[in-house]
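Some notes on the structure that comes next.
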Protein chains: 2
Amino acid sequence: MTEMKTDAKLDQLCINTIRFLSLDMVDRAKSGHPGTPMGAADFVYTLWDRFLKHNPNNPKWADRDRFVLSPGHASALLYSLLHLTGYDLSMNELRRFRQWGSKTPGHPEYGLTPGVSATTGPLGQGFANGIGMALAENWLGEHYNRPNHNIVDHFTYAVVSDGDMQEGVTSEAASLAGTLRLGKLVYLYDSNEVQIEGSTKMAFRENVARRFKAYGWHVVGPIRGDDVPAVDRAIREGQAETERPSLIICKTIIGHYSPIQGTSKAHSDPFDKEEIRETKAALGWPQHPSFYVPKEALSHLREAISRGEDAEKEWNRCFEGYALEYPELAQRFKAQMGGEPSPRWDEGLDGLFPAETEPTATRDASGKILNALVQRIPGLTGGSADLGPSTKSYLVGYGNFGFQEHYGRNIHFGVREHAMGAIAGGMSLHGGILPYTATFLTFSDYMRPPMRLAAMMRIRVVYVFTHDSIGLGQDGPTHQPVEHLMGLRGVPNLTVIRPADATETTEAWRAAILDVRGPTALIFSRQKLPVIDRTRYSPAKGLRRGGYVLWQSKAMDPDVILIGTGSEVQIALDAGESLADKDGYKVRVVSLPSWELFDAQPLKYRESVLPSSVRARVAVEAGITIGWERYVGLDGAAIGMNRFGASAPAEILYEKFGITAERVAEAARQLVQRDGGDA
Amino acid sequence: MTEMKTDAKLDQLCINTIRFLSLDMVDRAKSGHPGTPMGAADFVYTLWDRFLKHNPNNPKWADRDRFVLSPGHASALLYSLLHLTGYDLSMNELRRFRQWGSKTPGHPEYGLTPGVSATTGPLGQGFANGIGMALAENWLGEHYNRPNHNIVDHFTYAVVSDGDMQEGVTSEAASLAGTLRLGKLVYLYDSNEVQIEGSTKMAFRENVARRFKAYGWHVVGPIRGDDVPAVDRAIREGQAETERPSLIICKTIIGHYSPIQGTSKAHSDPFDKEEIRETKAALGWPQHPSFYVPKEALSHLREAISRGEDAEKEWNRCFEGYALEYPELAQRFKAQMGGEPSPRWDEGLDGLFPAETEPTATRDASGKILNALVQRIPGLTGGSADLGPSTKSYLVGYGNFGFQEHYGRNIHFGVREHAMGAIAGGMSLHGGILPYTATFLTFSDYMRPPMRLAAMMRIRVVYVFTHDSIGLGQDGPTHQPVEHLMGLRGVPNLTVIRPADATETTEAWRAAILDVRGPTALIFSRQKLPVIDRTRYSPAKGLRRGGYVLWQSKAMDPDVILIGTGSEVQIALDAGESLADKDGYKVRVVSLPSWELFDAQPLKYRESVLPSSVRARVAVEAGITIGWERYVGLDGAAIGMNRFGASAPAEILYEKFGITAERVAEAARQLVQRDGGDA
């Protein structure tokens, strides 16, 4: 009894240490969000102290529990915990909260700070990332665990907030998690009922417990978030429930113990001096020094190191036993978790589309390639937001990851593009999986937030987008992307590739698989496109450099350069051949499937493709022209779609909107004549 | 008894007429989605025949019921109903389904087809649009109805689908509708449990009824969607419930009565000849001619015309009585519903920011302007996705539209950017409201789909986006937009304006209010910006032309032109003055707040601002540079952010990322020296 009391005291000491470290960080930066750390410290501490399986000395340990702080604005809470439990995050870093070059930015950043499992901040994203992590854990377990050898066996925890609960991506992900029965998920909902504009009641009166039960979740609580034994019991209940994901509703008070507790003022403004003084006084905390860490608290929290090392050692022992019994599996698991390329992964790709191949939509070519790749890349898994048949993204013969069984490699995301993007991000963050997603290009708008985060984190996800222009035809303007391709090109670190035909599609997939520096968006046509005869034109491997001279009428410097991407390369080729044949121009046709890859080439190569001296340049792409001036300048012409499309057969739309070889040729003639071309 | 039977027979005849018209449309186009019209015809007919208050001869009647077909791919169903009930949509148009120039495009398009209340297709959008319509109805009723004079009193109906239910925007909008108690909303959920990839059960096992009850909705059913009397009763129940929105769950069979009924094949592929034959046979429908409309069916359905005219006449009578008693209100109501500009709407705007004004963040300036505008524009209403205090978008003294009362003009959307965008669209579609939304620019990513649709429909919504660059500082890269500004510029019909200071902010709001051709995005800074002294520099009304010469060192042709937007205009000015003073260059500084407005100017004006002959041009903007080549060409320089930001104070970020007057001046020097400038 005495010991329990003492334990409870120590718990409180640790919790208050976390509280005040967080408060002092925000105070020192004069910027940040103190409210959530003050309110949520108790239950997050309980999770970390009693349950979280992690090794601060090896934040990359494959079988660690995953922990996501979805309300990333509460970053100070996470940094406090990371520092106190012994991660490589010094007190000096805590003091440099939100400063240039520190490891303690305003919102947690994956890759920057050891122990941060996901970049969070935009609400809802972390919630859905966690679902992806749990899915990956389950998937890997099904593929690699063997009787008495559970080498993949960890929980995924997240702290989620009132704001997360309001975001649609959360609803999508939660509904899917219920459907897929991701039982090893335990989420702690910090329900403080305060947001920036005031009480959540102004905008959010739903019954969250009922809603999550409707999704098929196991709901625990509401409990008091500052009742350590209750939180302990609740997490145990969550762990014990293996069929359904668990949501533990923790009632908390934002800015707890401060004079402004329970108000929106406590959410996002640093406390003033007097508020800090009163808060410290209320909890009997010394006013000085700031960043005070009592020895007993540190020593207790740092036990995480030895616990973590023991746990990892134990796992290593298990893994050795597994490796003895299943050496091949063990080796593959290690390679897969390490993100190493699979041996001979691209075997069978070449020769898929010989010169005589019938015209092929690049979405169809992609489907063939994907189904070749899956045979050799064990972690390749993904699916579509209910457009599998249209996007040709189904892995034939590889089964479904569904309600009944978790071994299949096709994930049916449902009509949930946003969650698809965020879940794929979580799968990638977990490790061991190379996820892909698929939908129409126009619906990339639904999933921009997770794509942006994936790009920021430089994680690997392949986004397949088909139906890439007015070329989709009769579904009309709602379904015809116009601004999307250029919009994706604008996202830093995201590589966008729009191949011209089946052979470039092979190279596009190759580039996506090889690119370990970030996500890739692959842009495919719905309509059939001629397969470019590579015996007459330059080889498709030119795509690897982003852009290349596909054809040239004469060896010497051209009068005019025609540039196209995707389905419009054929239009450029037709125009070019006509200009050469009928007008006698020296013409060059450039295929420019990836701006990012091209712009990353040395100047010399770029000059060799687009010589500065040739200013008569015409670009053609069935999308907006903003941006094309990068390659055609003020003196060239860009032919595209600066308006929304229409509902009609594709060939009529190309005609009506003037995206034709004739128009390209006419524009070229005008430029050459202006420049006094000697044709 | 006999009559009832006869009625039931007539109902069936009408329902089958709708079915087969739809089927024949898809067959003729060899494109489209037959499954939903076949399955949902019964309950949609019941709604239209027995409940829907509308006047086919006046689709714009202010007090008509609103009807949204959220699964826009079922457009054939809507077109059949519009034709049969007497809208100006001829049989010839039905025969031209999905053809160039027809009024029957693949998905319903607002503004193109009489009786279409919203452009739908991207799932979830119609669901949320309807919430906005119901909100507008409620708002207008609260403002204009008087005892015994309910001049605003209609229902909002929607058909929603399994796919809609999976989209996050639906969850967001539904949760808010429950919170706001939008009782005059009656949604019919076509629950056929089939989607493109197969059974919905693969991805969607939640209990929808339970989920909607958790949101605070009134749920009726499940009922059989083809049981006309049951549907009739359910709609009555929905109408009778005035506190909560109603969801009627109609169980249906996709592709009902066809040999492929209940399968995903019936969803999106036209039936083949044999399938059509069998389906017609199954329902005893004549095989020929196609597009067959039995006289009794037509005559019954066309009764909608006289019913509608009577209803509108009755309403007109009521309105006359209202106008007698409340002439001023009546006049204002008419003007507001007609979208007419309010008298003296911009009084008080000028002079808000005299030259001596302290440096002011454009978000703060916007807040002042908005609070001036609201006093004179009665329909101006809106709110933020829980960032009211940060976006300065609160209408002080105008109350909240909330759970308790529906008169206020501030809407707390909650952390639901996506639904905010779509609900604002619905409010605009309803008429009578000029809605605005507000959030951080980085979160525009969450609301691109509804913004795109608003642009496509050319409806008026003002999107306020603050925290528009690294200038927001310490919140870091997740919150720092980089690609968003250019991404918005790419959306056709959307006007994007990023003012340089408080005075341009006034002009930006003016342009937004005056622009009746579509939505506007206003982009504001978090950080303070000097108020440009308009006695020394050109007046801010230059913004009306999108771009203008803000300052020039000498009257003659410049050696170099510096171009900036927003917070970077000051950087351009500083660089320009330094180049003029220290280097003796002839410098011009151009403020280019809106590309759309500028590009719409006559060539002569554009030439006067950016003469073709001057190729030494430097653009500066704290965002991606893709696109800036439009103005600086291949020979100029664009200084911006082609990477994600970082967490640090704003001024440090500007310095570290090189968005500084020094760097602009240096780039200018290089260009001038290259061009052999005679400075």
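Odds and ends about this structure:
- Dimensionless Rg over Rh [the range B:1-66; C-alpha; Kirkwood]: 1.07
- A straight chain from A:Asp88 to A:Thr263 at 0.36 nm per residue would run longer than the Cα-Cα distance by 59.6 nm.
- Note on the range B:224-358: along the principal axes its Cα atoms extend 77, 47, 36 Å, ordered by decreasing extent.
- Electrostatic bookkeeping for B:Ala455 treats Lys and Arg as +1 and Asp and Glu as -1; over the other residues with beta carbon under 15 Å from its beta carbon, the sum is +2.
- Column: log10 I(q)/I(0), Debye, Cα scatterers of the range B:145-226, q = 0.25 Å⁻¹: -1.38
- The three principal axes of the Cα atoms in the range B:566-661 give end-to-end lengths of 44, 33, 22 Å, sorted in falling order.
- Helix B:327-337 vs. chain B, principal-axis angle (Cα, 0 to 90°, nearest 10): 80 degrees
- Placing A:Lys280, A:Lys582, A:Lys541 in order of accessible area, with the largest value first and a 1.4 Å probe, yields A:Lys582, A:Lys541, A:Lys280.
- Two-decimal Rg to Rh for the range B:563-607 - Kirkwood Rh, Cα set: 1.08
- Cα-based radius of gyration of the range A:306-346 once divided by 2.2 N^0.38 Å, which approximates compact folds: 1.42
- Full-extension gain in nm, B:Ser306 to B:Asp583, via 0.36 nm per residue minus C-alpha separation: 91.8 nm
- Cα-based Rg and Dmax for chain B, where Dmax is the largest Cα-Cα distance (Å): 28.1, 99
- Using C-alpha pairs below 8 Å separated by at least 6 residues, the relative contact order for chain A is 11 percent.
- Rounded D (µm²/s) - the range A:446-538, Kirkwood Rh over Cα pairs, Stokes-Einstein at 10 °C, 1.306 mPa s: 112 µm²/s
- Area accessible to solvent at A:Arg205, 1.4 Å probe radius, in Å²: 90 Å²
- Alpha-carbon centroids, the range A:119-177 and the range A:252-312: separation in whole Å: 28 Å
- Residue among B:Ile652, B:Ala572, B:Gly636 farthest towards the positive dipole end of the range B:554-654, charges placed on Cβ: B:Gly636
- Calculated FRET efficiency for the pair B:Thr6/B:His288, C-beta based, R₀ 22 Å, to 0.05: 0.25
- Qualifying lysines (Cα of each under 22 Å from Cα of A:Lys541; at least 8 residues distant if same chain): A:Lys368, A:Lys528, A:Lys554, A:Lys604
- Accessible heavy-atom area order of B:Asp310, A:Asp153, A:Asp232, highest first, probe of 1.4 Å: B:Asp310, A:Asp153, A:Asp232
- Distance between the modelled labels on A:Asp599 and B:Ala335, one decimal in nanometres: 4.9 nm (7 Å Cα→Cβ projection).
- Extension gain, A:Glu296 back to A:Arg210 (0.36 nm per residue minus Cα-Cα distance, nm): 26.8 nm
- Size descriptors for the range A:109-257 (Cα atoms only): Rg and Dmax, in that order, 15.8, 53 Å.
- Accessible-area value, B:Leu13, 1.4 Å probe, nucleic acids and ligands omitted, Å²: 50 Å²
- Computed per residue of chain A from DSSP H runs no shorter than four, each worth -39500 (n - 2.57), the mean residue ellipticity at 222 nm is -12500 deg cm²/dmol.
- Other residues lying with their Cβ under 12 Å from the Cβ of B:Gly633 contribute a combined charge of +2, Lys and Arg counting +1, Asp and Glu -1.
- Kirkwood radius, the protein assembly as shown, all distinct C-alpha pairs, inverse of mean reciprocal distance: 32.5 Å.
- Rounded tilt (10° steps) of B:125-144 against the dominant C-alpha axis of chain B: 90 degrees
- Rounded Å value of the spacing that divides the Cα centres of the range A:513-581 and the range B:46-97: 46 Å
- Radius of gyration (Cα atoms) of the range B:490-595, expressed as a multiple of 2.2 N^0.38 Å: 1.10.
- Chain B's nearest residue to the axis relating it to A, judged by Cβ and reported with the distance in whole Å, is B:Gly168, 1.
- Unit Cα scatterers, Debye sum, the range B:1-139: log10 I(q)/I(0) for q = 0.11, 0.19, 0.20 Å⁻¹: -0.40, -1.14, -1.24
- The range B:357-432 and the range B:225-240 have their alpha-carbon centroids 37 Å apart.
- A point 7 Å from Cα along Cα→Cβ stands in for B:Asn58, and the other copies hold the same point at 7.8 nm, listed in rising order.
- Largest first, the residues B:Phe524, B:Phe403 sort by 1.4 Å accessible area into B:Phe403, B:Phe524.
- Put simply, the C-alpha atoms of the range A:55-111 give a gyration tensor, and the ellipsoid matching it has half-axes of 19, 14, 10 Å, longest first.
- Distance (nanometres) between label positions extended 7 Å along Cα→Cβ at A:Tyr398 and A:Glu356: 3.1 nm
- For B:Ala41, the shell of other residues with beta-carbons less than 12 Å away shows a net charge of -4, using +1 for Lys and Arg and -1 for Asp and Glu.
- Under the convention that each Lys and Arg Cβ holds +1 and each Asp and Glu Cβ holds -1, the size of the dipole of the protein assembly as shown around its Cα centre is about 280 debye.
- A:Phe67 accessible area, 1.4 Å probe, all protein chains in place, Å² to nearest 10: 20 Å²
- For the range A:107-161, the fraction of alpha-carbon pairs in successive 10 Å shells from zero, as %: 22, 42, 26, 9, 0
- Each Lys and Arg Cβ is given +1 and each Asp and Glu Cβ -1; about its Cα centre, the range B:1-65 then shows a dipole of about 180 debye.
- Helix A:2-29 axis, angle to chain A major axis (alpha carbon atoms, nearest 10°): 50 degrees
- Within 10 Å of each Cβ in A:93-101, the average number of Cβ atoms from other chains: 3
- Each label was represented as a point 7 Å from its Cα along the Cα-to-Cβ direction; for B:Asn58 and B:Thr242 these points are 2.5 nm apart.
The values are calculated or read from the model by the stated rules, or taken from the named source; none is laboratory data. All values derive from a computational prediction rather than experimental measurement. Backbone-built Cβ (ideal geometry, glycine too); neighbour counts: all protein chains shown. In case anyone asks, the SASA skips ligands and DNA or RNA and just uses the protein heavy atoms, side chains included. Shrake-Rupley method; radii C 1.70, N 1.55, O 1.52, S 1.80 Å.
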